[in-house]
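Asks: One structure, as structure tokens, below. Some questions next.
The values are calculated or read from the model by the stated rules, or taken from the named source; none is laboratory data. The structure displayed is predicted, hence computed values, not measured ones. Note: ideal-geometry Cβ built from the backbone for every residue, glycine included; neighbour counts use all protein chains shown. Quick note on the areas: whole protein, heavy atoms, side chains included, nothing else; ligands and nucleic acids left out. Shrake-Rupley method; radii C 1.70, N 1.55, O 1.52, S 1.80 Å.
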Amino acid sequence: MYTQRMQRSFPRADRFAVLARRPCGLVHSLCAALALLPLCACPSVPRKPVEEPPPIAEPLTPSWVKEPMSWHKLELIEQWLEVDAGRHSRELVIEAKLQLNEGRLQFSRRDIDSSAAPRETLQMRVESARKGFEEILADSSVSAGARNRAQLGLKGAAGLAQAPTGTGLAILGRKQWNARAPRVSNLTPLKGGWSRITVHHSAESTSDPRGGSVEDSAATVRIIQKYHMDDPTHRWGDIGYHFLIDGAGRIFEGRELQWQGAHAGGSNNHQNIGICMLGDFERRGPTDAARKSLQVLLDDLRARYRIPAERVVPHNSFGSTRCPGPALTAWLKSYK
Ligand SMILES: [Zn+2]
């Protein structure tokens, strides 16, 4: 960085002066200068061409720049923002953020039209685009052009948030089950995007096998959260799973997807979405409603994060547990 600035700050004509200041180049450079005069006193020293400075190593153009708009492009941008953006110009970082959030809106609009994604998924996507645009607008150094695009994006997000959506899957948010606030200092932000999904059962006997009331299931989810956060064997920052599904097929939002989960043990949690089926499925399988919701949720998450079906596994694939029981394990094999 420092070298680049030095070289850029010297006009080409002044490079001679810079070279002349180098101790080893001093004699030759002076002679080279004198050789230009008609009465050169130093004819025996051959004139040396002034050396060009080595080319400045510019960071490579990121691959997302030329990529047409697609989910893949959005993934590339997300990864680039996380890993590489620091080596690039501020303008390119803003451009990346604009394209990422414009893409999120574009796909939300398309999915709303075709009812291709659950309502909650679309809401989450539009909400993250809205936050992204607000973040750009909060930065006073952003150019007027970028600011206009962010304003336009915000308007688009507001419009989409009110748009009627398809009959998709409803997810009960954390507020709806009265979740405790997470201990953020104990949570690990997601790194590198989601690449696999692991399915569990809660193995508790209090859940009504047919699902029971929403209040009953919300109470069960709160008990699991308390156990994960307060039990001395855990003391995690939040409930370990990202989603929980009850016997009636209701899907509860667990740990937010911006955080890595705590459900498969150590490094098995990396980039791994955790889904927990409420109930003990050692002797029987989950209800049809629960299984159907699991299928829709899996299909949705896989489409969103481009996760291949082979990367959806039962907890027991990591060994040393029978979770989530034989029936669900068999079902997951057939899902593939
Ligand atoms: Zn498990």
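Asks: Starting from residues that are open to solvent by less than 30 Å² (accessible area, probe 1.4 Å) and among the β-branched types (Val, Ile, Thr), keep the ones in the stretch 192-221 and report whichever is farthest from Ile273 (Cα to Cα).
Replies: Once the filter is applied, the top-ranked residue is Thr220.
Asks: For the list (1) at pLDDT below 95; (2) under 20 Å from the mean Cα position of the chain (by Cα); (3) of a type in the set (Ser, Thr, Tyr), I need the number of the one condition that Thr167 fails.
Replies: For Thr167, the exception is condition (2).
Asks: Among the residues of the stretch 250-261, write down those that are of a type outside the set (Phe, Trp, Tyr) and either open to solvent by less than 10 Å² (accessible area, probe 1.4 Å) or under 24 Å from the mean Cα position of the chain (by Cα) (or both).
Replies: Ile251, Glu253, Gly254, Arg255, Glu256, Leu257, Gln258, Gln260, Gly261
Asks: May I pose another question? Quick check on my filter: what residues within the stretch 222-236 are in a loop (DSSP other than H, G, I, E, B) and surrounded by 19 or more Cβ atoms within 10 Å (Cβ to Cβ)?
Replies: Once the filter is applied, which keeps residues that are in a loop (DSSP other than H, G, I, E, B) and surrounded by 19 or more Cβ atoms within 10 Å (Cβ to Cβ), the stretch 222-236 yields only Trp236.
Asks: Restricting the search to the stretch 262-301, which residues are within 20 Å of Leu74 (Cβ to Cβ) and either among the hydrophobic types (A, V, I, L, M, F, W, C) or open to solvent by less than 60 Å² (accessible area, probe 1.4 Å) (or both)?
Replies: Once the filter is applied, which keeps residues that are within 20 Å of Leu74 (Cβ to Cβ) and either among the hydrophobic types (A, V, I, L, M, F, W, C) or open to solvent by less than 60 Å² (accessible area, probe 1.4 Å) (or both), the stretch 262-301 yields Gln271, Ile273, Asp300, Leu301.
Asks: Any chance you could count how many residues in the stretch 237-275 are assigned to a helix (DSSP H, G or I), in contact with a helix residue (DSSP H, G or I) (Cβ under 9 Å, 6 or more places away or on another chain) and away from the ligand (no atom under 14 Å from the Cβ)?
Replies: So the count comes out to 0.
Asks: When you scan the stretch 184-202, how many residues do you find that are away from the ligand (no atom under 16 Å from the Cβ) and in a strand (DSSP E or B)?
Replies: Number satisfying all stated conditions: 1.
Asks: Quick test for you: out of Tyr305, Tyr227, pick the one residue that is hydroxyl-bearing (Ser, Thr, Tyr), under 26 Å from Lys175 (Cα atoms) and at pLDDT 95 or above.
Replies: Tyr227
Asks: Give the residues of the stretch 317-334 that are away from the ligand (no atom under 14 Å from the Cβ) and either crowded, with 18+ Cβ neighbours inside 10 Å or in contact (Cβ under 8 Å) with a residue 60 or more places away in the chain (or both), sorted by residue number.
Replies: The one that is away from the ligand (no atom under 14 Å from the Cβ) and either crowded, with 18+ Cβ neighbours inside 10 Å or in contact (Cβ under 8 Å) with a residue 60 or more places away in the chain (or both): Trp331.
Asks: So, Ala144, is that one farther than 10 Å from Asn101 by Cβ and modelled with pLDDT of 90 or more or not?
Replies: It is true that Ala144 is farther than 10 Å from Asn101 by Cβ and modelled with pLDDT of 90 or more.
So that you can scan it fast, the table gives a plain yes or no per residue for (1) modelled with pLDDT of 90 or more; (2) more than 15 Å from Leu74 (Cα to Cα):
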{"site": "Leu100", "(1), (2)": "yes, no"}
{"site": "Phe107", "(1), (2)": "no, no"}
{"site": "Ala116", "(1), (2)": "no, yes"}
{"site": "Gly153", "(1), (2)": "yes, yes"}
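Asks: Here's something else I'd like to know. Count, please, the residues in the stretch 298-316 that happen to be in contact (Cβ under 8 Å) with a residue 60 or more places away in the chain and either within 10 Å of the ligand (Cβ to nearest atom) or under 14 Å from His200 (Cβ atoms) (or both).
Replies: Number of matching residues: 5.
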